[in-house]
Amino acid sequence: MSMTLHDFLLAKRDARLSELAPVLAALAQACRRISTAVRCAAFTGQTGLAGSGNVQGEEQKKLDVLANRLMAEALHACPQVRAFASEEDEDSTPGSHAANPDGVLVAFDPLDGSSNLDINGPVGSIFSIQPGPPGDTVGTADFLQPGRQQLAAGYALYGPATVLVVGSVAGVHAFTLDEARGEFLLSQSGLQIAPDCSEFAINAAYQRHWHAPVTRYVGECLAGRDGPRGKDFNMRWMAAMVADVHRILQRGGVFLYPADQRASARQGKLRLLYEAAPMALLVHAAGGLASSGHEPILDILPASLHERVPVLLGARHEIERLNDYHRQA
Ligand code: AHG
Ligand code: MN
Ligand code: MN
């Protein structure tokens, strides 16, 4: 029988993850509750807009607000969490044990891809776990650490199955929710991304706004076996980064949400601290790369909690090629 997440952490298969067992258990509990909320929304009055906006000017869905509350409740109850920060809240929130010297910081996107809710498409949650600051006070500025310093990261994908993917620099593991038992069971260990691929993901609706390196890369993929790449490429776009990254961890590929010339996307769209950096940690740990086009996402020092960043991630040789195209431009 498969191992539960709890037993996996007890077995110290990855010492870094085992040290974070209480916070990973809290996150798993929140994701299990969000999974139920997403699946039952139609008969619990949780469909549609909340009638509010978040700090980034985005309209919130009722489930964005509920998922945020479920994450906050679980993290607040966890003595290992000194503070947490969410896509949906302007500032970070102190935990119940803000002065715990061994405590950590958690940044999260409670519900990613929420435009998919209306169509029963895949959505997810993303989280990043960082070391806490020295001393016994903690605030929003303490979250402004480069992604390399993350202790662990992960996401839950609420698809046909709910899958919790957790990783540290030492490796990435997937746990599938057994709904009957209410337990996450180990389903894959040591996920790897092949260095080459023939599948890419980008929202092509923004093509006319792209910068030259992205236009060149996608153009060459689309030219297929008749073009300079000499092979055909397939295209996928899930409208939820969690689902696109999960596909890449399963069968390879690249995901691109670059900066473009729209005023709203000058720095890209995705947020560094709770979308790009945690996914970058997982992708690197699986042998892939994550880049802004100009530098590794893991090296970027955030200047603010909700900072955006261009994201190019996945198969190593493809991201190296994209970095070359940016250098040449
Ligand atoms: P969120 O729902 O948390 O705001 O994030 C959605 C993100 C990401 O998941 C997805 O890849 C991207 O936005 C889609 O953006 P476009 O609608 O611009 O394609
Ligand atoms: Mn998101
Ligand atoms: Mn979100």
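The values are calculated or read from the model by the stated rules, or taken from the named source; none is laboratory data. Keep in mind the model is a prediction, meaning the values are calculated, not measured. With ideal geometry, Cβ positions are generated from the backbone for all residues, glycine too; neighbour counts draw on all protein chains shown. These accessible areas exclude ligands, DNA and RNA; they are computed on the full protein's heavy atoms, side chains included. Shrake-Rupley method; radii C 1.70, N 1.55, O 1.52, S 1.80 Å.
About the Cα centre, and with charges only on the beta carbon of Lys, Arg (+1) and Asp, Glu (-1), how big is the dipole of the range 199-328? Nearest 20 debye, please.
Working: 16 positive and 13 negative charges, 52 e Å.
Result for the range 199-328 is approximately 260 debye, rounded to the nearest 20.
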**Asked** How far apart, in nm, are the 7 Å Cα→Cβ label points at Glu59 and Ser198?
**Response** 4.1
**Request:** Find out how many positive minus negative residues lie around Gln46, taking Lys and Arg as positive, Asp and Glu as negative, among other residues whose Cβ is under 14 Å from that of Gln46.
**Result:** +3
**Request:** Provide Rg and Dmax in Å for the range 243-329, with only Cα atoms included in the calculation.
**Result:** 12.2, 34
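Find the eigenvalues of the gyration tensor of the Cα atoms of the range 17-83, then list the square roots of 5 times those eigenvalues as equivalent ellipsoid semi-axes, largest first, in whole angstrom.
Numbers: eigenvalues 131, 47, 12 Å².
Sorted largest first and rounded, they come to 26, 15, 8 Å.
Using the Kirkwood formula over every pair of different C-alpha atoms, what hydrodynamic radius in Å results for the chain? Don't skip to the end; give the middle numbers.
On the way: mean 1/r = 0.0501 Å⁻¹.
Averaging 1/r across every pair of different Cα atoms and inverting gives 19.9 Å.
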**Message:** Using only the Cα atoms of the range 5-189, what semi-axes does the equivalent ellipsoid have when each is the square root of 5 times a gyration tensor eigenvalue? Give whole Å, largest first.
**Reply:** 25, 22, 13
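What is the percent carbon and sulfur in the accessible area of the chain, measuring with a 1.4 Å probe over the protein chains and ignoring ligands?
Numbers: 6920 of 13590 Å².
Here it works out to 51 percent.
Sort Ile119, Ile300 by accessible area with a 1.4 Å probe, largest first. Don't jump to the answer; show the numbers that get you there.
On the way: Ile119 125, Ile300 20 Å².
I get Ile119, Ile300, largest accessible area first.
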**Prompt:** What residues have an amide H closer than 5 Å to that of Gly95, excluding those fewer than 5 places away on the same chain, when H is modeled at 1.01 Å from N in the peptide plane?
**Reply:** Ala83, Phe84
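What does the accessible area per residue of the chain come to in Å², with a 1.4 Å probe and no ligands, DNA or RNA counted? Working shown, then result.
Numbers: 13590 Å² over 329 residues.
Accessible surface, normalised per residue, equals 41 Å².
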**Prompt:** Highest GNM mean-square fluctuation, the chain, Cα pairs closer than 10 Å: which of Asp109, Asp244, Asp232?
**Reply:** Asp232
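Given R₀ = 25 Å, what would the calculated FRET efficiency be for Ala50 paired with His76, taking r from the Cβ atoms and rounding to 0.05? All intermediate terms of the calculation are to be shown ahead of the outcome.
Working: r = 21 Å, r/R0 = 0.83.
Once the sixth-power term is evaluated, E becomes 0.75.
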**Complete:** Spelling it out for Glu183: with amide H atoms placed in the peptide plane at 1.01 Å from N, the residues 5 or more places away or on another chain with amide H under 5 Å from its amide H are Asp178
**Prompt:** Based on the Cβ-Cβ distance of Ala303 and Asp226, what FRET efficiency does E = 1/(1 + (r/R0)^6) give at R0 = 51 Å, to the nearest 0.05?
**Reply:** 0.70
**Charge dipole (the chain, unit charges on Cβ, about Cα centre) - positive-most of Ala276, Ala161, Ala50** = Ala161
**Asked** Each residue of the range 132-142 in turn: what ³J(HN,Hα) in whole Hz from Karplus with 6.51, -1.76, 1.60 and θ = phi - 60°, glycine and Pro shown as x?
**Response** x, x, x, x, 10, 10, 8, x, 4, 4, 5
**Complete:** Asserting the computed 222 nm helical MRE of the chain (DSSP H runs at least 4 long, -39500 (n - 2.57) per run, divided by residue count, to nearest 500) equals -9000 deg cm²/dmol
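Can you figure out the FRET efficiency of Leu144 with Met1, using R₀ = 45 Å and their beta-carbon distance, to the nearest 0.05?
Numbers: r = 43 Å, r/R0 = 0.96.
Calculated transfer efficiency: 0.55.
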**Message:** Quick check: Cα centre of the range 298-329 to Cα centre of the range 211-253, how many Å?
**Reply:** 16
